[in-house]
1. When the helices in the chain are scored as -39500 (n - 2.57) per DSSP H run of 4 or longer and the sum is shared across all residues, what 222 nm value do you end up with, to the nearest 500 deg cm²/dmol?
2. Past the 29 Å Cα-Cα mark, which pairs from 86/361; 86/273; 78/259; 167/361; 38/167; 259/364?
3. How much length would be gained if the chain were fully extended between residue 369 and residue 302, taking 0.36 nm per residue of separation minus their Cα-Cα distance, in nm to one decimal?
4. Pop out the Kirkwood hydrodynamic radius of the range 76-163 from its pairwise C-alpha distances, inverse of mean 1/r, in Å to one decimal.
5. Which FRET efficiency value, to the nearest 0.05, is calculated for residue 185 and residue 242 with the Förster distance at 41 angstrom and r the Cβ-Cβ distance?
6. Which ³J(HN,Hα) values in Hz, rounded to whole numbers, follow from the phi angles of the range 293-308 under the Karplus curve 6.51 cos²θ - 1.76 cosθ + 1.60, where θ = phi - 60° and Gly and Pro get x?
7. Taking 7 Å along the Cα-to-C-beta vector as the label spot, tell me the residue 118-residue 88 distance in nanometres, rounded to one decimal.
8. What net charge is computed for the residues neighbouring residue 192, neighbours being all others with C-beta under 13 Å from the C-beta of residue 192, Lys and Arg scored +1, Asp and Glu -1?
Amino acid sequence: MNLLTSFFAVSFVSFLVAYAVHSTVRRKRVYRSSSGIKRLLKPADASLVDLLHQRAIPNQRLVRAFGITNTFVSGDAKVHRDFLNKAKVIISELSTKGEGWRMLGQTVDGAIARLLPVDKVHYATFIQCLTLRIILVALFKADPESLHAKDLYLVTDMINRRWAYSKDADRTALDRDNSLSEANACLDRWVRDRDGYPNPLDLIIPTYETMWRVVAVTVAHVCCHDGDNLLDIVFRFADHPTEEQFQFFREESMEPSMKMIIMETLRLHPPTKRISRAGATLGWKRFFRPTLEVADIQAVHQSPQYGHNPAKFDPMRFHPSRGLGEPELFPFGYGRLSCPAALWAPVGAALIVAKVAQQLKGGKYGLIAGPRIGDREGWERWEVINGSYCESVAPI
């Protein structure tokens, strides 16, 4: 009897040890097909609250990094509804059919004029500060005269730095960094409507993080592209930034539209390369299912389903002559929690791209290309130069 008791005791202790180990180890499943991504991001039997919790859990690192409270880090349906409603109002105000779109164009022009360098500036820094300035003026109605370049750099550098720190399991660097409080002091001066925007970073982080990289990559590809046809298309859109011009192309010609150029950036350089969801299985089955599920957007976008040589930047892959049509892309997610600005963001990014390219390739300013096109990082030796002060340096 004692032997039998000892056997069950040892078995029970072994089970507890195995349970403890198994429950603390992160088990990950990665989806690298369109069908898999759709199943993950739009499950048939999940409620809105379930979806919100599955998204919020992997994003808690952003709470620690930025103190944000928006729908990307919250499982609260009311927080989600409030965020969506605010986003819809902003998008409506900036519609390409309204006065807000014309004013946005003026905001972009003014921001570029204020940030173009006296001599030279690092390219990524220029695009980051430009994007933040546009967001602050267009979305938060900040006074343009209060937005000094050194303060814009302080805030963008904070976002870049703490984003990188947040990915490190060791929180020492994040805890020692005090740039968040300094950046919030700047935002307190710039954003006056604290009833409407109690935490400006709730809106700034998702908008800025997506937009600056799409703009930087697209401008780089257009300016470095062999031949002038892409620049001609971009310049035409800069002169006539309408929805019609965004989509315009001649079917008999071998030129893409401005929309195809942006689509190719979103395909080859998706602003969100991987989308994570916490495992949703309940009950005893959770011990045999992954605790983290990941939609590998980049892997899908660079698969052969998008035509020949998917690793190459080629906006013509979306031209009717290629027979590809408009294949489904996932740069803004999929399903109920996809980005509310998914339809507006491409044309909004195109406006900034066109205005920047027009300055860097059509006047006294130029762009010096580095060894490769970057993403969040990797922009070494890329510079925006003022030709009047850097005559010895040949821009691309």
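1. Computed mean residue ellipticity for the chain: -16500 deg cm²/dmol.
2. Violating the 29 Å Cα-Cα cut-off are 86/361; 78/259; 167/361.
3. 21.7 nm is the gain from fully extending residue 369 to residue 302.
4. Evaluated on the range 76-163, it is 14.5 Å.
5. Efficiency, from the Cβ-Cβ distance: 0.55.
6. Listing the rounded values in order: 10, 10, 8, 8, 5, 4, 5, 5, 5, 9, 8, x, 5, 9, x, 5 Hz.
7. For residue 118 paired with residue 88, the spin-label model returns 4.9 nm.
8. -1
The values are calculated or read from the model by the stated rules, or taken from the named source; none is laboratory data. Computed from a predicted structure; not experimentally measured. Glycine gets a Cβ as well: all are built from the backbone with ideal geometry, and neighbour counts include every protein chain shown. With ligands, DNA and RNA removed, areas are computed over all heavy atoms of the protein, side chains included. Shrake-Rupley method; radii C 1.70, N 1.55, O 1.52, S 1.80 Å.
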